[in-house]
1. In the set A43, A7, which member is surrounded by 10 or more Cβ atoms within 10 Å (Cβ to Cβ) and assigned to a helix (DSSP H, G or I)?
2. Got a number for residues in region 16-40 being among the small types (G, A, S) and open to solvent by 100 Å² or more (accessible area, probe 1.4 Å)?
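The values are calculated or read from the model by the stated rules, or taken from the named source; none is laboratory data. Values in this document were obtained by computation on a predicted structure and should not be read as measured data. Note: ideal-geometry Cβ built from the backbone for every residue, glycine included; neighbour counts use all protein chains shown. Only protein heavy atoms, including side chains, enter the accessible area calculation; ligands, DNA and RNA are left aside. Shrake-Rupley method; radii C 1.70, N 1.55, O 1.52, S 1.80 Å.
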Amino acid sequence: MVYLTAAMIAIWLLTFGYVFYLIQRTKSLEQEIRALETLVKEAEKGR
């Protein structure tokens with residue numbers, strides 16, 4: 001039973017770690033998209 005408990009704890013920790021990674025990656029991509037949108041708008045103004 002100890003191994004089952006340890007395995008479940010490990011699975012939950014990995015799951016939370018992966019979700020945290022996905023949240024951070026999403027925030028990073030959103031910032032990059034905003035920066036690209038700004039560059040596009042500036043390029044359109046220069047036309």
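1. The match here is A7.
2. Going through region 16-40, the residues among the small types (G, A, S) turn out to be 17, 28, 35.
Those still in the list that are open to solvent by 100 Å² or more (accessible area, probe 1.4 Å) too: none.
Within region 16-40, residues that are among the small types (G, A, S) and open to solvent by 100 Å² or more (accessible area, probe 1.4 Å) number 0.
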